Amino acid sequence: MSFQSSVTIVASPRQRVGKTLLARLLADFHLQEGRPVATFDLNAGERTLAQFLPERTTVATIRDINGQMALFDRLIADENTTKVIDLGHESFESFFSVAHQIGFVDEARQRSVAVAILFTVTPDQTSIEAYRNLRSRFAGATLAPVHNEIFGPAQHRDKYRLAGGGPGMVRLPVLAPGLRRYIDTPPFSFADLNMGDAVRMPLDAHIEVQRWLRRIYLEFRELDLRILLADLQASIRFKT
Amino acid sequence: MARPAVILVGADKGGVGKTTVARTLIDYFGAHQTPTRAFDTESPRGTLKRFHPELTEVVDVTSVSDQMKIFDTLGSAEAKVTVIDVRAGLLSSTLQALTDIGFLESAKKGQITFAVFHILGSSIASLEEIAETARVVGDANYFLVKNFINNTTFFEWDPATYNSYFKKIKGAEEITIPKLNEMAYEQVEVASVPFVSFVGNKGPKGEPANYSFVLRGYVRHWLGNVWGEFDRVKLVDLVSPKMESNVRQVAG
């Protein structure tokens, strides 16, 4: 199991911590790697992800049973599509409590689908508790804390212990000031090689965004290896 | 030869979920590898038979020939546990019949393990029923089942009244069947399969089925809770004292 057949949930109980940006980057990363991608927007209000990835995004809800069936039944179906979920803060608790109750991670594993949770860390107690909670409830998933460096250098490492003592946090580097306006106006795709043309980005800005992207993609590749490693370890443990 | 066990599932009125409870019992014993047979007294329709056709026979519990079919075979049948789903309103008369044929006498002597699952309705009438059945049953293992499966605001009784009835039965135990999502329950109905088969994504003949994963998940979670209740009252120890009772895994 690796990213090839995976469900990645980008989550945090806080809002405005960079979840949607991370989900976009991850989806575009997969596209660049040549994997079929389906994204799910679980945000109330504005559908930012759906604006950037209109053909791939399903606007989902878990408020009622029909929405839950539409979402989870699809997440474990068609194994060859990589799935990314942008989980809004208001759906955080209900999503994970349903997932826990119906045994989502175990069912996914049985179908050789890896489940990863990208958890954007913040130093507040709510998030720390939520993270700890996820660790105990979803032992079968790869739980990776993400440090959005826009919030400064603090790593909160001590508060977000890594499962299995992996190689540390996923870092989301800061984009050079002034470039946000290019990437935050839809339509825009990181996977589109001609993104400069699309938004009339100056060449130096284009180069800077590419440099930033490379750093992030490197983090994603490392994460992919971590998922593989966790899976290997699990299978070794299973055999002995 | 192990002592045969008879479990009576009854209620004084319909629509309180007797058959649902009987189904969870059959699934439970199945998971514990305890051979079980069932009798459905809802002749000629037989809801229980629809879900467990191989184990279930539809009988008329008031007819002598059918009584023979059930009780004369207790010692010889392969199944150690006999579950009887008693039709609405027939609980008292069934118990009366059991007294008449001396069945309750043998239960008292310890030749047969006898348990009653009394499914409670929301009205006070069913409390009076408790008093009446308690009088007949005497030493049987008596379980009062509060069934919340279809409704969350089922029991709005005065606790003092309830307890005054509850205390009348020596050693009575309370079992709570939690609520199951309506759509999940409905889909199991439509599929007409045991809960365990639904969880394991299997059709009536064990063939692979295509039920919603979310609904299966809800049923698994719910069934786990129901079985947790059966574990709590040590049901397996009751019907077969020497059995290991550590089978905890629902199929799938």
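Derivation of every value follows stated rules applied to the coordinates shown; laboratory data play no part. Note that this is a predicted model, so its numbers are computed, not measured. Quick reminder, even Gly has a Cβ in these numbers, built from the backbone with ideal geometry, and neighbours come from all protein chains shown.
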Charge dipole of the protein assembly as shown about the Cα centre (unit charges at C-beta), most positive-ward option of B:THR176, B:THR36, A:ALA116: A:ALA116
B:THR62 paired with A:ALA234, simple spin-label distance in nm, labels 7 Å along Cα-to-beta-carbon: 5.8 nm
Separation of the B:PHE148 and A:ARG63 label points, Cα + 7 Å toward Cβ, nm: 2.5 nm
Segment B:12-76 - percent relative contact order, Cα under 8 Å, separation 6 or more: 24 percent
Point-charge dipole on Cβ atoms (K/R +1, D/E -1) for chain A, about Cα centre, debye to 20: 600 debye
Overall dimensions of chain A by Cα: Rg and Dmax, Å: 17.3, 58
FRET E, pair A:ARG180, B:GLU207, Förster distance 41 Å, beta-carbon r, rounded to 0.05: 0.15
Using distinct alpha-carbon pairs, which all enter the 1/r mean, Kirkwood radius of the protein assembly as shown in Å: 26.0 Å
Debye, to nearest 20: dipole size of the protein assembly as shown, +1 on Lys, Arg Cβ, -1 on Asp, Glu Cβ: 1220 debye
Whole-number percent relative contact order across chain A, with pairs defined as alpha carbons under 8 Å at least 6 apart: 24 percent
Sum of side-chain charges, A:LEU179 neighbourhood, beta-carbon under 14 Å (Lys, Arg +1; Asp, Glu -1): +2
Unit Cα scatterers, Debye sum, segment A:50-110: log10 I(q)/I(0) for q = 0.20, 0.22 Å⁻¹: -0.86, -1.03
Spacing of the two label points (7 Å from each Cα toward its C-beta) at A:GLU222 and B:ASN225, in nm: 4.3 nm
Cβ-derived FRET efficiency at R0 60 Å, A:ARG171 paired with B:LYS109, nearest 0.05: 0.20
Helix A:125-137 axis, angle to chain A major axis (alpha carbon atoms, nearest 10°): 50 degrees
On Cα atoms only, tilt of A:65-75 relative to the major axis of chain A in degrees: 80 degrees
Over 27 Å (Cα to Cα) - which of B:LYS18/B:LYS205; A:LYS159/B:LYS179; B:LYS167/B:LYS234; B:LYS109/B:LYS146; B:LYS146/B:LYS234; B:LYS49/B:LYS108 fall in this group: A:LYS159/B:LYS179; B:LYS109/B:LYS146; B:LYS49/B:LYS108
At q = 0.09, 0.10, 0.22 Å⁻¹, base-10 log of I(q)/I(0) for segment A:1-117 (Debye sum, equal scatterers on each alpha carbon): -0.20, -0.25, -1.36
Inter-part distance where segment A:86-162 and segment A:1-62 are each reduced to a Cα centre, Å: 15 Å
Net charge contributed by nearby residues that have their C-beta within less than 14 Å of B:SER76 (K/R +1, D/E -1): +2
Helix axis angle, A:203-239 relative to chain A longest principal axis, alpha carbon, degrees: 10 degrees
Helical mean residue ellipticity (222 nm; -39500 (n - 2.57) per DSSP H run of 4+; nearest 500) of chain A: -13500 deg cm²/dmol
Extreme residue, positive dipole direction of segment B:1-66, given options B:VAL9, B:THR24, B:HIS52 (C-beta unit charges): B:THR24
